[in-house]
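See below for the structure under consideration.
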Amino acid sequence: MPDSALFQPLTVGATTFRNRIWVAPMCQYSCEDRDGVPTDWHLVHLGGMARGGAGLVVAEATAVVPEGRISPWDTGIWNDEQRDAWARIVAFQHAQGTAAGIQLAHAGRKASTYRSQSGRGAVPHSDGGWTPLGPSTLAFRGLADPQPMSHEHIRSTVEAFAAAARRSVEAGFDVLEVHAAHGYLLHEFLSPASNDRTDEYGGSLDNRARFMLEVIRAVREAAPHTTLFVRLSATDWIEPDGWTLEQTVEVSRWAKEAGADLIDISSGGNLPDARITVGPGYQVPFASAVRDGADVPVAAVGLITDPHQAERIVAGQEADAVMAGREFLRDPHFPLRAAHELGVDVDYWPVQYERGTFADKP
Ligand SMILES: Cc1cc2nc3c(=O)[nH]c(=O)nc-3n(C[C@H](O)[C@H](O)[C@H](O)COP(=O)(O)O)c2cc1C
């Protein structure tokens, strides 16, 4: 069997992953009853990608409180009914040999928006929307004005992340990912472009990172034996006034000290005017900078679509693992195909699909 870095198992925190080709979290906006309970859609969506050979499948941004949903159709993990619905999905994923992750999220000032098929912009109160919370009154252009968070809001949100972590562990998840990217609540606090507070949660980098670090510590304490990732946006793509790679490296070091096992590096999402240079693997250099600068395992994501490209990223130690999003939507069996294209024999083709392997057996 040819050597492949991509298909080498990897141990991070408490979890050994069967390979390093992972599914990035992807919102489905498919809780039709607006109750945050994952449905058969989520079972088939996440289960299909588990069947397809991924080492890890991370479930979408899942709100820790109702007002933390991006849209009313998001998944949640703030009650036991949601936990039990997740448990069924996780059990199926485990039966396929994959690790199961969940992204714990609060959308902050970008909460209460329509999903694409239901409307545009903010959902008004008359249609089941709510006033979003944020670091300050600075709104995301085109969305509702946020209510600045009080110290009590911050404290109860930290507790909600911890409670969500406990329920996630009860549901069987192997990996918890704190969502601190893409202009959602924790990123809004991190970035000087969205946080103009004058208390201990605004101003210096220490202060802007305080809320995120409180969340990481609380989740770590609530789930001491579960692998913990943090997703960060490496840059707002508006320098020098926005969030920068340099600050990301610094904060990644603090996140590791607070208990994070791996940093998942994305970018953008906080400012509508961001000038983003997009191309194959465009965020990989950010992941490498964090890996080297903060001495922490990283996952790279963003236009990683080709098995040889993924192999080069991991073999070149640019990242410890790669995540893909849209390639998995096109082909939930991307890892099985990648193994074939790289000449790697894997023992996790589902037995029911054995006649469909790429080996030309009659
Ligand atoms: C349909 C869809 C939903 C997404 N939802 C989330 C999400 O819930 N949380 C998150 O951090 N990123 C989300 N993303 C971003 C992806 O995780 C990923 O970072 C991005 O798509 C770039 O990777 P790709 O080029 O492989 O698709 C989403 C992307 C897509 C396409």
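How far apart, in nanometres, would the label points at R155 and L205 be if each is projected 7 angstrom from Cα along the Cα-to-Cβ direction?
Result: 3.0 nm between the two label points.
Rounded, prolate or oblate, given the Cα gyration tensor of segment 119-252, with a/c below 1.5 counting as rounded?
oblate
How large is the helix-only mean residue ellipticity at 222 nm for the chain, computed as the sum of -39500 (n - 2.57) over DSSP H runs with n ≥ 4, divided by its residue count, in deg cm²/dmol to the nearest 500?
Helix contribution divided over all residues of the chain: -10000 deg cm²/dmol.
Taking the dipole about the Cα centre of the chain, with the C-beta of Lys and Arg at +1 and of Asp and Glu at -1, give me whichever of G202, S252, A95 is farthest to the positive side.
A95
Pull up all non-local amide H partners of A61: gap of 5 or more, or a different chain, and H-to-H distance under 5 Å with H placed in the peptide plane.
M26, C27
Assign one of three labels to segment 228-362, namely rounded, prolate or oblate, based on the Cα gyration tensor with a ≥ b ≥ c the square roots of its eigenvalues; rounded applies when a/c is under 1.5, prolate when it is not and a/b is larger than b/c, and oblate otherwise.
Prolate shape, in that a/c is at least 1.5 and a/b is the bigger ratio.
Check each of the trypsin sites (Lys or Arg not before Pro) in segment 215-300 and keep only those in coil by DSSP with at most 14 other C-beta atoms within 10 angstrom; list them in order.
R275
Restricting to segment 42-151, what percent of DSSP beta bridges are antiparallel, rounded to 5?
Close to 10 percent.
Between A315 and F358, what is the FRET efficiency for a Förster distance of 25 Å, r being their Cβ-Cβ separation, to the nearest 0.05?
0.70
List the chymotrypsin sites (Phe, Trp or Tyr not before Pro) within segment 293-362 that DSSP assigns to loop and that have no more than 15 neighbouring Cβ atoms inside 10 Å.
Passing both the DSSP loop test and the Cβ count: F358.
Counting alpha carbon pairs within less than 8 Å and at least 6 residues apart, what relative contact order, in whole percent, applies to segment 8-120?
Once divided by the residue count of segment 8-120, the mean separation gives 30 percent.
As a test, work out the antiparallel percent of DSSP beta bridges whose residues both lie in the chain, rounded to the nearest 5.
That works out to approximately 10 percent antiparallel.
With a cap of 15 neighbouring Cβ atoms within 10 Å, and only residues DSSP puts in a loop, list the trypsin sites (Lys or Arg not before Pro) found in segment 93-166.
Of the trypsin sites (Lys or Arg not before Pro), the ones in loops of segment 93-166 whose Cβ has at most 15 other Cβ atoms within 10 Å are R120, R141.
For the chain, what is the charge dipole size about the Cα centre, in debye to the nearest 20, if Lys and Arg each add +1 at the Cβ and Asp and Glu each add -1 at the Cβ?
That gives a dipole near 380 debye.
Find how many whole Å separate the alpha carbon centroid of segment 197-249 from the alpha carbon centroid of segment 60-136.
21
Shape of the chain from its Cα gyration tensor (a ≥ b ≥ c, root eigenvalues): rounded if a/c is under 1.5, otherwise prolate when a/b > b/c, or oblate?
Since a/c reaches 1.5 and a/b is larger than b/c, the shape of the chain is classed as prolate.
Here, each number is a calculation from the coordinates, and none is a lab measurement. Just so it is clear, the structure is predicted and the values come from calculations on it, not from any experiment. We place every Cβ from the backbone using ideal geometry, glycine too, and count neighbours over all the protein chains shown.
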